[in-house]
Amino acid sequence: MVAPRRPLVGREAERAVVRARVAAARAGHGGTLLVTGEAGIGKSRLLAEVADVAAAAGLGVLTGRAVAGGGAYRPLAEALAPPLRDAPLPESPRLRPFRAALARLVPGAAVDGPAGTPAGPALDAAVVLGEGVLALLAALHPDGAVLVLDDLHWADADTHDLLAYLAGAVGRVPVVLALGARDDEGPAEAGDPVAALATLVAHPDVTVLRPARLDAGQVAALVASDGTGRAAVDDLVRRSEGLPFLVAELLDAGDGTVPPSWTALVARRLATLPATARVVLDAAAVAPGDPDHRLLAAATGVGGDAVLDGLRAAVGAGLLVAARDHLTWRHALTRDAVLAALLPTDRAAVSARVAIALEARDAPGDREAAADRHAESGDHRRAVALLLDLARRDADRGALGHADELLRRAGALGAAPGRVAAERVRVLTLRGAAADALALGEAALGDVAGDEHAELCLRLARAAVLAGRYGEADEWVGRAARPDDPRSLVLGADAAYGAGATAVAAPRAQEAVAAADAALIRDGNSEVAATLCEALLVLARCAVASPDSAPDADALVRRAAAVAAEHGLAPWRVEALFSLGARRMSRGDTGAADLHAARDLAERHGMLARAAQADLLRADAALHVHGPRAALAILHPAIEQLGRLRLATLQGTAELFAAASTALTGDRAGAEALLARASTRADLPADIAVLGPLVPALTALLAHDLPRAADLVDRAVPAVLAHRSAAPVPFYGLWPLLRTAVGDRDAEARDRLRGHPVLIAVPNRAALVYADAVAAGRAGRAAEADALVAAAATELADWPWWHRLLRTIVLDAAVRDGWGDPVPALRADLAVHERGDDAGSRALARTCRDLLRAAGAPTRRSGDGVAPELRRLGVTAREAEVLALVVEHRTNADIAARLHLSTRTVETHVARLLAKTGTTDRVGLRAWALDR
């Protein structure tokens, strides 16, 4: 029989908050309630009220609770399990990117083994899993849900991190988090509940409810609701001290002498139990969670029937209660009192037996609980062995906070310090805390020797590579003293490549491939296969240092993909397909089926950073093929997603790409805003940060201000090209082309780019050919210039929008220097630009018209080129051209030269624009135009 629920007394203010929060969720705005206070204050009763109000309002209700030693995400897993126990995860586009992350919570959602997962941008597990939980709740309960999670003073670090993220995220969805936790001192296994809850308590989006103790009138109301009048109110107030739970327990204690304390009351109830029942209950108190008769039979050696008799006796004594389909403790205070009654020696003996039974049962959370019980019994070696194994498993599935928590507990026990330190270095590295990993690992080196020393050094080398401390990485590889280990070789190659020493990296990578091949034949395990994949990909990157070796690089990458597929290493297969797709896209295969396959596979396996990087490459291809608007259609959703995932570095990269594309639409203010946001992001790679100065350079190029564009590009590109492993961003080719166009150290720029790895990208290679054409035409070698122009045009056949942009520079040189036949190309490009409806298209069309006039072949407009808002004010086509140049900060003399007008005519047009727009000077006119 389920214990009856007494009415909620003295909680009117809290109930009002609950009703308001549920009503807000019904309106689409979620929130978080944290009910906290001392044991017995009525937290669980108030959470039950939240569930009742939510259910009455038509919201879905999911409930779970933490238990000591329950493992990572225990309360969330318990809450989400019932609706998914007999059904698969729902299918939805919003949920798809998070299915792999949800495998940590949802039964039956497996992911491939993560042996040797590639390094990449560190995803915050709490953010990814939090977004997954919100997407899952939306699929399960579209109208809203309440997630009730109790006993969070027992919860692990990852659960607290996840809840801290959700607390700030549920405001945009109809989800209420209703959380409960003690804030008094808990048992030792729980750590420090106050510290664990500090983040939630201080969170600006969390409403904290701290129910007070009952006063005399409220106790009287609770006594009246009981209907028995068996105890004087004054006596109950004194003995219960206003704790609702103790009021109820003392009411249930019966007539006669009431013990002076809760501990004494429990002791009296324990004394009524038969000896066998007491043995069973002691084991139940030491074991985690609710009493399980099968586990208790194994832990006590008492027969199954006798265990059941003992549990019935405990229910009869008021120590346990029936709750739906299982038994539970009447209250956490009851279990605490039973534990307190055990002598330390008895508790150690019971803990040892319970630990063995938990290992044999091996249900979720049992191995962690067993480790705690082994530690209580004094068997630290076995406890550490279990904690290490659990930490590895948690790290492999992304529960890095809990993994680190387990390892800290293992370290405190003092057994196997070298293995514990090596695993902590790995976990900290995976968390993106490479500097912390290096400090911790170096401090632990004095405690280890032999194989443990070598393993720790290799893990420190990996951390150093990820931290960009390539010299240190080499030193750690040397200190490992395992020169023939494939991992030593591949780490050495990766460090040299990261430092830009590709000539050193390539032979090291070749040795790594050979050593990993031999080891794979000998051992055949997935760890060695992962090392081989890594070595092949490093060697392929080194091969790219010479564009002539591209086919060999492709073969290496294809082999890495095949090895990964054969050994079930999905993350490495993603890396290989991504590398292959990126290279093919650079060479003009803008469809890049490999890249799309890599993106889909990355999303399916939760590699959301790599999926986002694939989107950036797709956007880059869209810009060069279809123009900036096509790129922005991909970039804006990517920026939003990266912001939610807190991938600041990738978000900054996406914002830089978006700033460049926005500049090319003619939206200067929008480009500057994106550039400003990008500049606040952390740790942008040097070869990506170069895009910052390129954004205003693209604005100048769009305005056909070639000297300014050349100057801005010159400030950024040369320094990046010094690094041979720079990403082949397709903007680099602008540098020699613009320098050649303006005649500023042009031969030096062309020679500097010639032979550089960035020429693997078609736009860079073609821009260099165009630069050679401009130089040849200026030198009077017209036939050579024409041949080079034709060659560049062939290269750019699959990149039409970018081709037209580059061609404005080349055709300007042809008109100015008098070579070639620029008129047909100008007319063809003009026809395309006039079909565009943004400021960028209008600016490019204006450039084409200017060049046609300069070539003596003026053309009639296919439209007046005036935006509708300007047309309504009576602005003419010529005035619109003048306005555009005023916005670009051009002087009247500059405008006159550009439009082939007199300075007085320009002054007249400016005066008319001031009158038509209602502005008083050029600054106001410029601001007016930018606002539109």
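The values are calculated or read from the model by the stated rules, or taken from the named source; none is laboratory data. Not measured: the values here are computed from a predicted model. Counting neighbours? That spans all protein chains shown, and the Cβs are built from the backbone with ideal geometry, glycine included.
When you go through Gly856, Gly924 one by one, which is the residue that is over 48 Å from the mean Cα position of the chain (by Cα) and either free of Cβ contacts under 8 Å to residues at least 60 places away in the same chain or closer than 18 Å to Thr665 by Cβ (or both)? Quick ask: steps written out before the conclusion?
Details: Gly924 fails: over 48 Å from the mean Cα position of the chain (by Cα).
The conditions single out Gly856.
If I filter segment 507-548 down to residues being in a loop (DSSP other than H, G, I, E, B) and within 17 Å of Pro486 (Cα to Cα), which single residue comes out as modelled with the lowest pLDDT?
That would be Gly524.
Within segment 732-740, identify whether any single residue is hydrophobic (A, V, I, L, M, F, W, C) and surrounded by fewer than 24 Cβ atoms within 10 Å (Cβ to Cβ), and answer yes or no.
No; the residues of segment 732-740 include none that is hydrophobic (A, V, I, L, M, F, W, C) and surrounded by fewer than 24 Cβ atoms within 10 Å (Cβ to Cβ).
Given (1) acidic (Asp, Glu); (2) surrounded by 22 or more Cβ atoms within 10 Å (Cβ to Cβ); (3) over 30 Å from Ala516 (Cα atoms), identify the lone condition not met by Glu640.
Here Glu640 clears every test but (2).
Anything in segment 631-665 that is under 19 Å from Tyr165 (Cα atoms) and either basic (Lys, Arg) or not in a helix (DSSP H, G or I) (or both)? List them, or say none.
Scanning segment 631-665 gives Arg644, Leu645, Arg646, Leu647.
Test of understanding: among Glu14, Glu49, which residue is in a helix (DSSP H, G or I), touching a Pro at 6+ places or on another chain (Cβ under 9 Å) and closer than 30 Å to Ala157 by Cβ?
Glu14
Between residues in segment 423-438 that are under 13 Å from Leu456 (Cα atoms) and residues that are surrounded by 24 or more Cβ atoms within 10 Å (Cβ to Cβ) and among the hydroxyl-bearing types (Ser, Thr, Tyr), which pairs lie under 8 Å by C-beta distance while being six or more apart or on different chains?
Close Cβ pairs satisfying both conditions: Ala437/Thr429.
Within the bounds of segment 374-383, is there any residue that is modelled with pLDDT of 90 or more, of a type outside the set (Val, Ile, Thr) and either assigned by TED's automatic domain parsing to the domain that holds Glu38 or not in a helix (DSSP H, G or I) (or both)?
The answer is yes, given that some residue of segment 374-383 is modelled with pLDDT of 90 or more, of a type outside the set (Val, Ile, Thr) and either assigned by TED's automatic domain parsing to the domain that holds Glu38 or not in a helix (DSSP H, G or I) (or both).
Being farther than 21 Å from Gly670 by Cα and either in contact with an Asp or Glu (Cβ under 8 Å, 6 or more places away or on another chain) or crowded, with 19+ Cβ neighbours inside 10 Å (or both): is that true of Val882 here?
Yes; evaluated as a whole, the condition is true for this residue.
Do we have any residue at all in segment 330-338 that's without any contact (Cβ under 8 Å) to a residue 60 or more places away in the chain and out of contact with any Phe, Trp or Tyr (no Cβ under 9 Å at 6 or more places or on another chain)? Please lay out each step first, then the result.
Taking segment 330-338 and keeping what is without any contact (Cβ under 8 Å) to a residue 60 or more places away in the chain, we get 335.
After this cut, where a residue has to be out of contact with any Phe, Trp or Tyr (no Cβ under 9 Å at 6 or more places or on another chain) as well, the list is none.
No.
So which pairs qualify, if the first residue must be in segment 524-536 and in the same structural domain as Ala555 (by TED's automatic domain parsing), the second must be part of a helix (DSSP H, G or I) and of a type in the set (Asp, Glu), the Cβ gap must be under 8 Å, and the two must be at least 6 apart or on different chains?
Ala529/Glu566; Leu532/Asp517; Cys533/Glu575; Glu534/Asp494
Report yes if Gly581 is under 22 Å from Ala614 (Cα atoms), surrounded by fewer than 17 Cβ atoms within 10 Å (Cβ to Cβ) and either in contact with a His (Cβ under 7 Å, 6 or more places away or on another chain) or touching a residue at least 24 places away in the same chain (Cβ under 8 Å) (or both), otherwise no.
Considered against the rule, which asks whether it is under 22 Å from Ala614 (Cα atoms), surrounded by fewer than 17 Cβ atoms within 10 Å (Cβ to Cβ) and either in contact with a His (Cβ under 7 Å, 6 or more places away or on another chain) or touching a residue at least 24 places away in the same chain (Cβ under 8 Å) (or both), Gly581 comes out as no.
For every residue, the table says whether it meets (1) surrounded by fewer than 19 Cβ atoms within 10 Å (Cβ to Cβ); (2) modelled with pLDDT under 90; (3) farther than 27 Å from Glu368 by Cβ.
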{"position": "Val425", "(1), (2), (3)": "no, no, no"}
{"position": "Ala435", "(1), (2), (3)": "yes, yes, yes"}
{"position": "Ala473", "(1), (2), (3)": "no, no, yes"}
{"position": "Trp476", "(1), (2), (3)": "no, no, yes"}
{"position": "Ala480", "(1), (2), (3)": "no, no, yes"}
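Looking at Arg835, Arg827, Arg781, Arg807 in this structure, which one is in contact (Cβ under 8 Å) with a residue 12 or more places away in the chain and surrounded by fewer than 20 Cβ atoms within 10 Å (Cβ to Cβ)? Please lay out each step first, then the result.
Values: Arg835 fails: in contact (Cβ under 8 Å) with a residue 12 or more places away in the chain; Arg781 fails: in contact (Cβ under 8 Å) with a residue 12 or more places away in the chain; Arg807 fails: surrounded by fewer than 20 Cβ atoms within 10 Å (Cβ to Cβ).
None of the others qualify; the one that does is Arg827.
At pLDDT 80 or above and either assigned by TED's automatic domain parsing to the domain that holds Ala565 or farther than 20 Å from Asp161 by Cβ (or both): does that describe Gly60?
Yes: the conditions hold for Gly60.
Each row is one residue, and each column tells you yes or no for (1) more than 20 Å from the chain's Cα centre (by Cα); (2) part of a loop (DSSP other than H, G, I, E, B); (3) modelled with pLDDT under 80.
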position: Ala550; (1), (2), (3): yes, no, yes
position: Ala553; (1), (2), (3): yes, no, no
position: Thr590; (1), (2), (3): yes, yes, yes
position: Val625; (1), (2), (3): yes, no, no
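If I filter segment 363-372 for residues that are in contact (Cβ under 8 Å) with a residue 40 or more places away in the chain, touching a Lys or Arg at 6+ places or on another chain (Cβ under 7 Å) and farther than 25 Å from Ala421 by Cβ, do I get at least one hit?
Within segment 363-372, one or more residues are in contact (Cβ under 8 Å) with a residue 40 or more places away in the chain, touching a Lys or Arg at 6+ places or on another chain (Cβ under 7 Å) and farther than 25 Å from Ala421 by Cβ.
Any chance segment 706-726 includes a residue that's of a type in the set (S, T, N, Q) and either assigned to a helix (DSSP H, G or I) or under 19 Å from Pro800 (Cα atoms) (or both)?
No: zero hits.
Check Leu616, Leu632 and return the single one that is modelled with pLDDT of 85 or more, over 25 Å from Ala561 (Cβ atoms), out of contact with any His (no Cβ under 6 Å at 6 or more places or on another chain) and buried (at least 18 other Cβ atoms within 10 Å of the Cβ).
On the way: Leu616 fails: over 25 Å from Ala561 (Cβ atoms).
The unique qualifying residue is Leu632.
Confirm whether Ala360 is surrounded by fewer than 18 Cβ atoms within 10 Å (Cβ to Cβ) and either touching a His at 6+ places or on another chain (Cβ under 6 Å) or at pLDDT below 90 (or both).
For Ala360, the condition - surrounded by fewer than 18 Cβ atoms within 10 Å (Cβ to Cβ) and either touching a His at 6+ places or on another chain (Cβ under 6 Å) or at pLDDT below 90 (or both) - is not met.
Arg419 passes all but one of (1) touching a residue at least 24 places away in the same chain (Cβ under 8 Å); (2) under 25 Å from the mean Cα position of the chain (by Cα); (3) part of a helix (DSSP H, G or I); which number fails?
Exception for Arg419: condition (2).
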